[in-house]
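S.K.: This is the structure, below, for whatever I ask next.
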């Protein structure tokens, strides 16, 4: 594993995060927008999350030159049915140029450690079955369990970027 440093995202990281989303080709629409149009809402989200650390955390993985090579976002929510807290990981993205260097594992392990420190009952995330991370069993290798009887539904208020 290369020297990967995990730290909280800073608003200055927004452009690098937007560039990673472009690199992976997450959204054709997003790739046709100016980088400022893509990074501006990311910057706003970083500011919001850093102002509400009990509710949200955006974390970046940086290399030895402090270049952002990956990021994750987790939301800490009360879950009444569990009588505890749950961490919902909404994003885990690593630059294709940094793939295999341990950034993804370091980000997810950071979230796992943070969830334990916070006394969460569980962490949850969704992973597209067509994604390379799913096909490679990335999360299973880190000890996560796929839920066979639960469907993941979404309700859109507006068209998403992806």
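S.K.: Among what's in region 45-56 and is surrounded by fewer than 23 Cβ atoms within 10 Å (Cβ to Cβ) and in contact with a helix residue (DSSP H, G or I) (Cβ under 6 Å, 6 or more places away or on another chain), pick the residue that is farthest from residue 104 (Cα to Cα).
M.R.: Result: 47.
S.K.: Quick one: in region 89-102, of everything that is outside any helix (DSSP H, G or I) and surrounded by 19 or more Cβ atoms within 10 Å (Cβ to Cβ), which residue is nearest to the chain's Cα centre (by Cα)?
M.R.: Residue satisfying both the conditions and the ranking: 92.
S.K.: Which members of region 103-132 meet the condition of being surrounded by fewer than 19 Cβ atoms within 10 Å (Cβ to Cβ), over 14 Å from the mean Cα position of the chain (by Cα) and not in a helix (DSSP H, G or I)?
M.R.: 118, 119, 121, 122, 129, 130, 131
S.K.: At positive phi and exposed (fewer than 14 other Cβ atoms within 10 Å of the Cβ) - does that describe any residue in region 75-88?
M.R.: For region 75-88, residues at positive phi and exposed (fewer than 14 other Cβ atoms within 10 Å of the Cβ): present.
S.K.: Pairs only if they're at least six apart or on different chains, beta carbon under 6 angstrom, first in region 25-42 and within 15 Å of residue 159 (Cβ to Cβ), second modelled with pLDDT of 90 or more; list them, first residue then second.
M.R.: The qualifying pairs are 30/38.
S.K.: Taking the conditions exactly as written (touching a helix residue (DSSP H, G or I) at 6+ places or on another chain (Cβ under 7 Å), more than 16 Å from residue 15 (Cα to Cα) and surrounded by 12 or more Cβ atoms within 10 Å (Cβ to Cβ)), does residue 68 satisfy them or not?
M.R.: No: the conditions fail for residue 68.
S.K.: Here's something else I'd like to know. Of the residues 87, 128, only one is in contact with a helix residue (DSSP H, G or I) (Cβ under 7 Å, 6 or more places away or on another chain) and at pLDDT below 95; which?
M.R.: The unique qualifying residue is 128.
S.K.: Mind listing whichever residues of region 16-44 are over 24 Å from residue 132 (Cβ atoms), within 17 Å of the chain's Cα centre (by Cα) and surrounded by fewer than 17 Cβ atoms within 10 Å (Cβ to Cβ)?
M.R.: Residues satisfying the conditions are 41, 44.
S.K.: Given the residues 153, 138, which is the only one that is more than 14 Å from residue 71 (Cα to Cα), out of contact with any helix residue (DSSP H, G or I) (no Cβ under 6 Å at 6 or more places or on another chain) and surrounded by 14 or more Cβ atoms within 10 Å (Cβ to Cβ)?
M.R.: 138
S.K.: Note down all Cβ pairs under 9 Å where the first residue falls in region 47-70 and is closer than 18 Å to residue 113 by Cβ, the second is modelled with pLDDT under 95 and assigned to a strand (DSSP E or B), and they're at least six residues apart or on different chains.
M.R.: Matching pairs, first to second residue: 58/91.
The values are calculated or read from the model by the stated rules, or taken from the named source; none is laboratory data. None of the values given here were measured: they were computed from a predicted structure. Note: ideal-geometry Cβ built from the backbone for every residue, glycine included; neighbour counts use all protein chains shown.
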